[in-house]
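Engineer: Once you've had a glance at the structure underneath, I'll fire off some questions.
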Amino acid sequence: MDKIITLDQAVDKVKDGMTIMIGGFLGCGNPHRLIDALVEKDVKNLTLICNDSSFPDMGVGKLIVKKCVKKLIASHVGTNPETGRQMNSGEMEVILVPQGTLAEQVRAGGAGLGGFLTPTGVGTVAEEGKQKITIDERVYLLELPLRADIALIAGETVDQFGNVVYHGATRNFNHLMATAADLVIIETEKIVEIGDLDPNSVVTPGIFIDHIVNGGGN
Amino acid sequence: MDRNIIKEFIAKRVAKELKDGDVVNLGIGLPTMVANYVPEGMNVLFQSENGFIGLGPAPLESNEDPNIVNAGGQCVTVLPGGVFFDSAISFGIIRGGHVDVTVLGALEVDEKGNLANWMIPGKMVPGMGGAMDLVVGAKKVIIAMEHTAKGNHKILKECKLPLTAANEVNLIITEMGVIEVTQNGLFLMEINPNFTIEDVQKATEAELTISESLTKMEI
């Protein structure tokens, strides 16, 4: 089973109107080459699930600037003025979610859970339209899982089976999103042979990864 | 007072609230400055919600690693013993009560401990990021801010802007004093000797109760 595909083959799988997750935090840990190729393809009407909309000239921020996204689900959009502009003009729908809730929604989506209860957002606009449940006298919001058609993620080193080792703070949403989409494509700096990675160091098991795009030099 | 000196003064006073071994999450802006004033020899672990504990100071430009950034996207370092994790673990740490202290700024804070710091409808809608989780989950929530905004009250009877969280703020530290949020309202615990009690009350919309043990605010 050869999981390695080209950048073009990867981008071909992303169709107009799909729901996609993209890993990263303010550009750190975004799959930059996959994003650049999507911008070039000019894919349209995406529903994008991502922690934030980065900066206008960096990572997922470029997809917003190119108007590839019709609906954005994120926790923070303040670093990309274009997101605010499209949100205010009505060109793009933006759903803001507390970051911990977003992370857990993705985790729940990948872990077969029907939802979870969080105290975050009680008494704020984040509770609007959500069921409240009281347990041991504490009020929680019922939050539902999130899944996507495709997750595009990034990891530093990946073996040919798809086992992933991350570097620095790039793990963020990447590891979670690997579990929560029908198809998962990882962009990596380095592909190594099966057996080259220490099983103790692997963070994301290769069973979650469908395709690997070699973004590095080897 | 010069605004930078005011901010430095507030950050220094906040740093005195930290204890050896505390896990601390600092917000963007003034709160970030608190890290500069942790007393020598005290071991405080800074958590960064994008996924690590052991946040160290900014590196020299030549040593920058674009994959090691703080929650504001700026290059930082990781101290020996630091550890990276994913966002679900990160917010498990935050929501689960494993952060001892979070220090955040505010647009408005009120006498019930309600906090508004994430949006101004029609003007600024950046998103809440991790703030709602931090304020709900941290054991102690400290608001570090200038006492007023261009002369307008920020410490109110009731927040008018959309809330970040309800009834979660414990302590408010400004250039004028230190205010504790209790079930019986706001108590002025310390006062900057450059101001009178009347000055502080005038700059505060909510009613302040003067603590019987009111002391001089020192840094």
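Engineer: Which is over 13 Å from the mean Cα position of the chain (by Cα), more than 14 Å from every other protein chain (Cβ to nearest Cβ), over 25 Å from B:E146 (Cβ atoms) and in a strand (DSSP E or B), of B:G41, B:G54, B:G81, B:G21? Lay out the reasoning, then the answer.
Structural biologist: Values: B:G41 fails: in a strand (DSSP E or B); B:G54 fails: more than 14 Å from every other protein chain (Cβ to nearest Cβ); B:G21 fails: in a strand (DSSP E or B).
Result of the check over B:G41, B:G54, B:G81, B:G21: B:G81.
Engineer: So which residues in segment A:148-201 are more than 11 Å from chain B (Cβ to nearest Cβ), open to solvent by 10 Å² or more (accessible area, probe 1.4 Å), in a loop (DSSP other than H, G, I, E, B) and not polar (S, T, N, Q), if there are any at all?
Structural biologist: Listed by number, the residues that qualify are A:F161, A:E193, A:I194, A:G195, A:D196, A:L197, A:D198, A:P199.
Engineer: Only one of these is under 19 Å from A:R147 (Cα atoms), in a helix (DSSP H, G or I) and either away from chain B (no Cβ under 12 Å) or hydroxyl-bearing (S, T, Y) (or both): A:T101, A:T83. Name it. Before you say what the answer is, go through the steps one by one.
Structural biologist: Numbers: A:T83 fails: under 19 Å from A:R147 (Cα atoms).
After ruling out the rest, the residue left standing is A:T101.
Engineer: All but one of (1) small (G, A, S); (2) in contact (Cβ under 8 Å) with a residue 12 or more places away in the chain; (3) buried (at least 17 other Cβ atoms within 10 Å of the Cβ); (4) more than 19 Å from B:S87 (Cβ to Cβ) hold for A:G17, so report the exception by its number.
Structural biologist: Here A:G17 clears every test but (3).
Engineer: For residues in segment A:111-147 being among the charged types (D, E, K, R) and open to solvent by 30 Å² or more (accessible area, probe 1.4 Å), which is nearest to B:I93 (Cα to Cα)?
Structural biologist: A:R138
Engineer: Out of (1) touching a Gly at 6+ places or on another chain (Cβ under 9 Å); (2) more than 10 Å from chain B (Cβ to nearest Cβ), the odd one out for A:G215 is which?
Structural biologist: Condition (1) is where A:G215 drops out.
Engineer: Here is a further query. Among (1) part of a helix (DSSP H, G or I); (2) within 18 Å of A:E104 (Cα to Cα); (3) open to solvent by 20 Å² or more (accessible area, probe 1.4 Å), there is one condition B:H98 misses while meeting the rest; what is its number?
Structural biologist: (1)
Engineer: Within segment B:197-212, work out how many residues are more than 21 Å from the chain's Cα centre (by Cα) and open to solvent by less than 70 Å² (accessible area, probe 1.4 Å).
Structural biologist: Total satisfying the criteria: 5.
Engineer: If you take the residues of segment B:130-143 that are part of a loop (DSSP other than H, G, I, E, B) and in contact (Cβ under 8 Å) with a residue 60 or more places away in the chain, which of them is farthest from the other protein chains (Cβ to nearest Cβ)?
Structural biologist: In the first step, residues of segment B:130-143 are kept if they are part of a loop (DSSP other than H, G, I, E, B); the result is B:130, B:138-139.
Right, trim to in contact (Cβ under 8 Å) with a residue 60 or more places away in the chain and you get B:130, B:138.
Values: B:G130: 4, B:A138: 12 Å.
So, considering only residues that are part of a loop (DSSP other than H, G, I, E, B) and in contact (Cβ under 8 Å) with a residue 60 or more places away in the chain, the one farthest from the other protein chains (Cβ to nearest Cβ) is B:A138.
Engineer: Output the number of residues of segment B:16-29 satisfying the condition of being surrounded by fewer than 21 Cβ atoms within 10 Å (Cβ to Cβ) and more than 12 Å from B:G72 (Cβ to Cβ).
Structural biologist: Restricting attention to segment B:16-29, the residues satisfying the condition of being surrounded by fewer than 21 Cβ atoms within 10 Å (Cβ to Cβ) are B:16-17, B:19-23, B:28-29.
This time we only want the ones that are more than 12 Å from B:G72 (Cβ to Cβ), so: B:16-17, B:19-23.
The qualifying residues number 7.
Engineer: Answer yes if at least one residue in segment A:32-53 is open to solvent by less than 10 Å² (accessible area, probe 1.4 Å) and among the polar types (S, T, N, Q), and no otherwise. Don't jump to the end; show me each part of the working.
Structural biologist: If we filter segment A:32-53 for residues that are open to solvent by less than 10 Å² (accessible area, probe 1.4 Å), which is where we start, we get A:34-35, A:38, A:43, A:46, A:48-53.
Checking which are among the polar types (S, T, N, Q) leaves us with A:51, A:53.
Scanning segment A:32-53, I find at least one residue that is open to solvent by less than 10 Å² (accessible area, probe 1.4 Å) and among the polar types (S, T, N, Q), so the answer is yes.
Engineer: Would segment A:125-146 turn up any residue that is under 30 Å from A:V202 (Cα atoms) and aromatic (F, W, Y)?
Structural biologist: Scanning segment A:125-146 turns up no residue that is under 30 Å from A:V202 (Cα atoms) and aromatic (F, W, Y).
Table: residues versus (1) more than 18 Å from the chain's Cα centre (by Cα); (2) closer than 15 Å to B:L104 by Cβ; (3) more than 14 Å from chain A (Cβ to nearest Cβ); (4) surrounded by 21 or more Cβ atoms within 10 Å (Cβ to Cβ).
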{"position": "B:A149", "(1), (2), (3), (4)": "no, no, yes, no"}
{"position": "B:C159", "(1), (2), (3), (4)": "no, yes, no, yes"}
{"position": "B:T164", "(1), (2), (3), (4)": "no, yes, no, yes"}
{"position": "B:E175", "(1), (2), (3), (4)": "no, no, yes, yes"}
{"position": "B:Q183", "(1), (2), (3), (4)": "yes, no, yes, no"}
{"position": "B:E190", "(1), (2), (3), (4)": "no, no, yes, no"}
{"position": "B:N194", "(1), (2), (3), (4)": "yes, no, yes, no"}
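Engineer: A:N218 versus (1) open to solvent by 40 Å² or more (accessible area, probe 1.4 Å); (2) at pLDDT 95 or above; (3) at negative phi: which is the lone unmet condition?
Structural biologist: Among (1) open to solvent by 40 Å² or more (accessible area, probe 1.4 Å); (2) at pLDDT 95 or above; (3) at negative phi, the lone unmet condition for A:N218 is (2).
Engineer: Still on this structure, please answer the following. Residues being at negative phi, in contact (Cβ under 8 Å) with a residue 40 or more places away in the chain and more than 14 Å from the chain's Cα centre (by Cα): count how many of those fall in segment B:118-129.
Structural biologist: So the answer is 3.
The values are calculated or read from the model by the stated rules, or taken from the named source; none is laboratory data. Bear in mind the structure is a predicted one, so any value in this text is a computation, not a measurement. As a convention, Cβ positions derive from the backbone with ideal geometry for all residues, glycine included, and neighbour counts pool all protein chains shown. Protein only, heavy atoms only, side chains kept; ligands, DNA and RNA dropped before computing areas. Shrake-Rupley method; radii C 1.70, N 1.55, O 1.52, S 1.80 Å.
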